[in-house]
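A short write-up of the structure that comes next.
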């Protein structure tokens with residue numbers, strides 16, 4: 001029996017683990033991969049205090065190193081279900097393990113949205129990717145496309161210019177959503193072409209992707225010859241394992257009391273991108289993880 005189980009190893013989960021350890025709470029942290037969204041990003045982070053410039057992978061590496069110096073148990077696994085009986089929680093994992101605790105912090109973050117095309121899954125690992133850091137080097141001197149004209153799409157496109165011959169950004173909307181500074185960086189590379197009003201209809205290829213079919217603003221159907229497609233159309237909260245137990249909003253985010261990160265279930269807290277906190281930023285997630293751990297500490301003390 002643990003006092004606290006933390007689900008997730010991103011900025012929120014790692015920070016919650018550090019704070020819980022310092023409060024001498026008997027804690028188990030369950031995560032399949034450290035880093036959350038940061039783990040798959042090689043882009044430079046310029047808005048985290050204390051670091052004028054740092055990559056996502058390097059920053060999460062520092063989080064992980066700090067966490068592992070604490071007195072905390074870590075289980076490399078994914079949670080598939082949470083139940084509550086009286087004042088105790090039961091957590092079931094993908095590896096069929098079961099753990100009990102008096103309190104829980106869900107900091108499971110988000111997972112990438114897909115395009116919903118029937119052939120999308122078929123080409124995963126064969127031209128379709130959701131991680132430029134993982135797969136970018138495989139597209140050296142090739143033409144590739146990025147689906148999504150937001151910050152993530154532009155960041156991915158910019159990082160891909162280190163490998164690819166040319167990068168197309170396909171944005172379904174008529175307006176770009178990326179910050180001006182990122183749009184300017186993209187222009188400076190000389191290797192990125194932006195196409196707005198481009199709705200991807202089909203991914204084509206035999207063993208590997210060789211082209212995309214999209215509809216342009218004039219409703220004309222066009223074909224773009226590329227060897228890879230990086231999907232960056234946003235993220236959805238990774239909260240499916242909590243459905244039926246706690247309140248979720250229309251986005252699938254866990255509804256919390258912003259004062260203490262408490263959910264509608266006593267003893268169950270949430271932090272970071274999986275919660276209903278408005279701003280999805282690394283520093284916000286870290287702060288929310290600290291709040292959740294301190295709130296869990298208060299909750300556990302009140303049980304005594």
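The values are calculated or read from the model by the stated rules, or taken from the named source; none is laboratory data. Values in this document were obtained by computation on a predicted structure and should not be read as measured data. We place every Cβ from the backbone using ideal geometry, glycine too, and count neighbours over all the protein chains shown.
Taking only segment 158-177 into account, find how many residues are modelled with pLDDT of 95 or more and within 22 Å of the chain's Cα centre (by Cα).
Going through segment 158-177 one residue at a time, the tally reaches 7.
Checking the conditions here, which among 68, 97, 26, 32 is without any contact (Cβ under 8 Å) to a residue 24 or more places away in the chain and closer than 30 Å to residue 243 by Cβ? Steps first, answer last, please.
On the way: 68 fails: closer than 30 Å to residue 243 by Cβ; 26 fails: without any contact (Cβ under 8 Å) to a residue 24 or more places away in the chain; 32 fails: without any contact (Cβ under 8 Å) to a residue 24 or more places away in the chain.
Among 68, 97, 26, 32, only 97 is without any contact (Cβ under 8 Å) to a residue 24 or more places away in the chain and closer than 30 Å to residue 243 by Cβ.
Among 125, 148, which is the only one that is within 21 Å of residue 210 (Cα to Cα) and in contact (Cβ under 8 Å) with a residue 24 or more places away in the chain?
On the way: 125 fails: in contact (Cβ under 8 Å) with a residue 24 or more places away in the chain.
Going through 125, 148 in turn, the sole match is 148.
Which count do you get for residues in segment 125-154 that are closer than 18 Å to residue 45 by Cα and crowded, with 24+ Cβ neighbours inside 10 Å?
Residues in segment 125-154 being closer than 18 Å to residue 45 by Cα and crowded, with 24+ Cβ neighbours inside 10 Å: 4 in total.
Could you say which residue among 289, 267, 252, 197 is within 19 Å of the chain's Cα centre (by Cα) and at positive phi? Please lay out each step first, then the result.
Working: 289 fails: at positive phi; 267 fails: within 19 Å of the chain's Cα centre (by Cα); 197 fails: within 19 Å of the chain's Cα centre (by Cα).
One residue alone meets the criteria, 252.
Go over the candidates 97, 142, 166, 174 one by one and state the one that is out of contact with any helix residue (DSSP H, G or I) (no Cβ under 8 Å at 6 or more places or on another chain), over 18 Å from residue 229 (Cα atoms) and not assigned by TED's automatic domain parsing to the domain that holds residue 263.
Values: 97 fails: not assigned by TED's automatic domain parsing to the domain that holds residue 263; 142 fails: over 18 Å from residue 229 (Cα atoms); 166 fails: over 18 Å from residue 229 (Cα atoms).
The unique qualifying residue is 174.
Could you tell me whether segment 247-264 includes any residue that is in a helix (DSSP H, G or I), surrounded by 24 or more Cβ atoms within 10 Å (Cβ to Cβ) and modelled with pLDDT of 95 or more? Explain how you work it out, then say what you get.
Here is the first cut: in segment 247-264, the residues in a helix (DSSP H, G or I) are none.
The answer is no; no qualifying residue exists.
Would you confirm, using the coordinates I've provided, whether residue 59 is within 19 Å of the chain's Cα centre (by Cα), closer than 30 Å to residue 200 by Cα and buried (at least 17 other Cβ atoms within 10 Å of the Cβ)?
On the way: within 19 Å of the chain's Cα centre (by Cα): yes; closer than 30 Å to residue 200 by Cα: no; buried (at least 17 other Cβ atoms within 10 Å of the Cβ): yes.
Criteria not met by residue 59.
Only one residue in 300, 212, 278, 294 is closer than 30 Å to residue 60 by Cα and either in contact with a strand residue (DSSP E or B) (Cβ under 8 Å, 6 or more places away or on another chain) or in a strand (DSSP E or B) (or both), so which one is that? Spell out how you get there, then give the answer.
Working: 212 fails: closer than 30 Å to residue 60 by Cα; 278 fails: either in contact with a strand residue (DSSP E or B) (Cβ under 8 Å, 6 or more places away or on another chain) or in a strand (DSSP E or B) (or both); 294 fails: either in contact with a strand residue (DSSP E or B) (Cβ under 8 Å, 6 or more places away or on another chain) or in a strand (DSSP E or B) (or both).
After applying the criteria, what remains is 300.
Name the residues in segment 105-127 that are touching a helix residue (DSSP H, G or I) at 6+ places or on another chain (Cβ under 8 Å) and part of a strand (DSSP E or B), would you?
105, 106, 110
Assess whether residue 200 counts as being surrounded by fewer than 23 Cβ atoms within 10 Å (Cβ to Cβ), in contact with a helix residue (DSSP H, G or I) (Cβ under 6 Å, 6 or more places away or on another chain) and not assigned by TED's automatic domain parsing to the domain that holds residue 87.
Numbers: surrounded by fewer than 23 Cβ atoms within 10 Å (Cβ to Cβ): yes; in contact with a helix residue (DSSP H, G or I) (Cβ under 6 Å, 6 or more places away or on another chain): no; not assigned by TED's automatic domain parsing to the domain that holds residue 87: yes.
No; evaluated as a whole, the condition is false for this residue.
Of the numbered conditions (1) within 19 Å of residue 120 (Cβ to Cβ); (2) at pLDDT 95 or above, residue 235 fails exactly one; give the number of that condition.
Failing condition for residue 235: (2).
Among the residues of segment 147-156, is there at least one that is in contact with a strand residue (DSSP E or B) (Cβ under 6 Å, 6 or more places away or on another chain) and assigned to a loop (DSSP other than H, G, I, E, B)?
Here is the first cut: in segment 147-156, the residues in contact with a strand residue (DSSP E or B) (Cβ under 6 Å, 6 or more places away or on another chain) are 147, 149, 153, 156.
Narrowing the set further to residues that are assigned to a loop (DSSP other than H, G, I, E, B) leaves 149.
Yes, because at least one residue in segment 147-156 is in contact with a strand residue (DSSP E or B) (Cβ under 6 Å, 6 or more places away or on another chain) and assigned to a loop (DSSP other than H, G, I, E, B).
What tally of residues in segment 194-209 results from selecting those that are modelled with pLDDT of 95 or more and outside any strand (DSSP E or B)? Talk me through it step by step, then tell me what you get.
So the first thing to find is which residues in segment 194-209 are modelled with pLDDT of 95 or more, and the list is 194-205, 208-209.
Of the ones still in play, those that are also outside any strand (DSSP E or B) are 197-198, 208.
Residues meeting the conditions: 3.
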